[in-house]
1. Report the charge-dipole magnitude of the stretch 534-663 in Debye, nearest 20, computed about the Cα centre from +1 at each Lys and Arg Cβ and -1 at each Asp and Glu Cβ.
2. Rank these for me by crowding, TYR260, TYR782, TYR318, TYR345, going from fewest to most other beta carbons within 10 Å.
3. Of ALA778, TYR805, ALA741, which is farthest on the positive side of the dipole of the stretch 729-808, counting Cα position, with +1 on Lys and Arg Cβ, -1 on Asp and Glu Cβ, and the Cα centre as origin?
4. For the residues SER676, SER937, SER1000, SER809, what sequence is obtained by ranking on other C-beta atoms within 10 Å, fewest first?
5. Treat the count of other C-beta atoms within 10 Å as a stand-in for reagent exposure and order SER323, SER836 from fewest to most.
6. Charges only on Cβ, +1 for Lys and Arg, -1 for Asp and Glu: so what's the dipole of the chain about the Cα centre, in debye to the nearest 20?
7. Can you give the relative contact order of the chain as a percent, counting alpha carbon pairs under 8 Å and 6+ residues apart?
8. In whole percent, what relative contact order does the stretch 729-808 give with Cα contacts below 8 Å and a gap of six or more residues?
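Computed from the coordinates by the stated procedures, all read-outs in this text should not be read as laboratory data. Small disclaimer: the values here were computed from a predicted structure and weren't measured. Note that we place each Cβ from the backbone using ideal geometry, even for glycine, and neighbour counts take in every protein chain shown.
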Amino acid sequence: MLVLKRPLLIVFLTFAMLGFAQKSAVYTSELKDYQKALTLYNNKQYKAAQSLFDDIKYNTDDAVLQSDCSYYIANCAVRLNQRNADDLITDFVEEYPTSTKRNTAFLDVADYYFENGKYAYARKWYQKVDESSIARTERERFNFNYGYTLYSTNSKKEATKYLNRVADSKEYGSQAKYYIGYMAYEGDDYDTANEYFDQVSDNEKYKEKLSYYQADLNFKLGKFEKAIELALEQLPSSRGVEASELNKIIGESYFNLEKYEESIPYLQAYEGKKGKWSNTDYYQIGYAYYKQNDFEKAISEFNKIIDGNNSVAQNAYYHLGESYINLEKKQEALNAFRNASEMDYDLKIQEDAWLNYAKISYEIGNPYQSVPQVLAGYLDKYPDTSYREEVEILLIDSYITSKNYKEALELLKGKNSFENKVAYQKVAFFRGIELYNDTNYSEALKLFNNSLKEPRDPIFVAKATFWKAETEYNLTNYNDALIGFKQFVGMSEASGLSENENLDYNLAYTYFKLKDYTNASKYFQKFIDNNSGDRLRRNDAYLRLADGYFVSSKYQNAINAYDKAIQINEIETDYAAFQKAMSNGYLGKGSIKISELNTFIDTYPKSALRDDAMYELANSYVKSNETDKAMQMYDRLNSEYKRGAFTSKALLRQGLVYYNANDNERALTKFKKVASDFPNSGEAVQAVSTARLIYIDLGRVDDYAAWVKSLDYVEVSDVELDNTMYLAAEKPYLENDTENAIRQFNKYLNQFPNGIHALKSHFYIAQLYYKKNLFETAQPHYKYVVDASRSEYTEQATVKLCEIYLKDSNWSQAIPVLKTLEAEADYPQNVLYAQSNLMNAYYQTEDYSSAENYAEKVLANSNLDTKVKSDAKIIIARSAIKTGNEDKAKIAYADVEKIATGSVAAEALYYNAYFKNKEGKYEASNTTIQKLAKDYSSYKYYSAKGLVVMAKNFYALGDAFQANYILESVISNFPEFDDVVQEAQQELNKIKTEEAKTNSSIETDDN
């Protein structure tokens, strides 16, 4: 048995030896390949190394070798920047948790990322390192690297902890101290920063960088002299951003030492952050110039401060205001002080700015608020100011000088001092004048009465008395007007006032309206005798003097006066010539009348009185038994004026001539034409009545009855009742019993809608309703008269119907009626009325061409009221603006400005400024806007529009502050004007976008 066992053992050992020999050979081969892979790795041939490590790991059964290969495969992946690199490292750690290379893997990968400047990646892996497992020789490198990585990834507190560990290191100490100091510097811990920077200041590597930081540190520590010394030392060797920052340190240090002259060149050399200055930068250099009394340059810097809202901005705006004042630029100063007064960072500056703002407002006006509001606001905010007495004096005076009388009246309510009552008397008077000029006579009357309730200043008592009388006259209260004018005459102050100049003229007209022609003639003559220069009024006075003589049957005196009017030849020459002919007729000088009427017809072919003249001439021929000539003239009249006021009368007269000549058939033809063509007219009634007599004479009563039945407005059986009911209505009308007359006329029209007197009844009842301000009720009655055949009531009814349509802005209905009035009116004033309202109606309906045409027609009239002339010119100007014809608009607005008052004057001034801006005359444009603000501040719309133009002017002049501030003020102060606010916002956006290119303090939608 023993023998057998031994050979088996030998066999076993032999096989074992063979197996070991084979395994050793393989292992030796793997180690060789492993060494080869390591060599490739160390030679940075990571791709090849990774591939070989991968093969070894795949083919070996050795766990240690597999672990090492996994480590290097992951490391190669990191260095090759492969996507799965982090995963490979993580897999390695998880798969081989006991590997001695675990900590080394974290550290090695972290160091690799650190060396390649990928500090965020490095930090991730440094955080995984077990610090206690790091070899002592590696710890300093780890602490510095990890500290710097934390610094680079903005974990400065943690970074300081690790860097402090190597602060005394020979290799890393200087770098660590530098970065610790720099982090303290960035964290505004200037003492710590200085301490560390001092420790490395001898190190050549950091010396150049530290010069800048130490200069800045000393500046921030308030050691300005030292900051200047260090910065000046470093400046010659600096370039770019560092040189710019050093200039800033030097300039600002000199500024803080109040060495303003020295600061300027360095502050100028500063290039800003990323090429942009801040509001503080502009303030410092601006203030430096201000302290040198170089106000132009100070302004050029201060006014670049946009959107400032801090103590620096408040200070800057205050000194900007001071600079403007020193250069006599008060409008600009107003805005600067106003801005400073709205900030409360420095209360002393705020109060001083408020005071300056208030005083300048008083001097030049204020486009944002009324001057009294500003002054009163100052006193409310600072009741104990030492300037109280001075400002109170300005406040009282401002109620007058501000010309914003409407608002001033509100502010004066409840103020009972003598000075305020004097101011109230004047303000109420001036507000009354404004309303009077706007033809708002009822409200004007209230204001004049209010002024007279405070009779403090006798001059204004006299003026208010006069204008109250003028207002009463325009309200047709002629007796009250006469009393007022007489009171004015009796005042000692009256003789020295401009109102006294035409007083006789006013009295004469008042007597004329009261039909006291004796006194009217007396005062017209008195005016003529004492006024040789005013040709227009003298002409008019002669006409009215003549009219007074005419209605008083003093025809020769009338002729003499009409002759004088004709000689002056300013207005209504045709009227004077016609009236002169009529006067000769009344004097029994029929041939002279005929001659003058013939001359008139030829001389005045466009006169509205030409048809009157033809009618009168035909009548005169009848009177002188020149029947043929009479008939020819009647025919000519009817041919040339088919819808004239005298057509029906001429036909009736022709019928009467034939009737008187016993030419009954011809007479009936004329009467029937009158009855059919002019139904319901007085002539138609007379024609029917006379025709009845003819039919009776001819014994043809049945024919008459048949004919009359064809006329729906004549009911033969009811004629007597018709007449009776009409007379019952007419009687209370003539007696001014309005309510009874209305009832009776309505009763008549209900019973006889087509009665003999229907036309007249409709007219009278319309007049009664109109007088009671029942315009809608009056309208259908006036329309009935207008739509009927032309009569003596047609023209008046047409005017009234137009007025009703115009009151309601019913342009579509007003226009055709106005055109009819223009074509058919006998009275020139009604033609002018039609044309002036047509120009406005066409403008309102956006038919600007027609509006301009009618405005030109209005201006062609020689006898034009200033307001009508102003209205015509403003329509031309507005139409030209609407149609884009700015050249024409400019000329028209210039004409308007010479004669306009109130809102129209404000509009004209605005366009004056607008066109000057277009022409590049920016300063002149601003001067005009200042006038607009001072004299027309109550017209807010054009004040607001003017401010937008002013902002454009200032920006064109290089004053960004003024432009920006004005536009922001428009947006906040005038929200009720959407179009103005929209334009202001657009301009503001443009300015901010442009200024933001150089000013880092400006916020826009883009930054």
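1. Numbers: 18 positive and 17 negative charges, 48 e Å.
Dipole size: approximately 240 debye.
2. TYR345, TYR260, TYR318, TYR782
3. The residue sitting farthest along the positive end of the dipole is ALA741.
4. Values: SER676 14, SER937 23, SER1000 17, SER809 10.
By the 10 Å Cβ count, ascending: SER809, SER676, SER1000, SER937.
5. Values: SER323 28, SER836 24.
The most exposed by this proxy come first: SER836, SER323.
6. On the way: 120 positive and 146 negative charges, 235 e Å.
Here the chain has a charge dipole of around 1120 debye.
7. Values: 1364 pairs, mean separation 61.5, N = 1007.
Computed over the chain, the figure is 6 percent.
8. Values: 73 pairs, mean separation 16.2, N = 80.
Value for the stretch 729-808: 20 percent.
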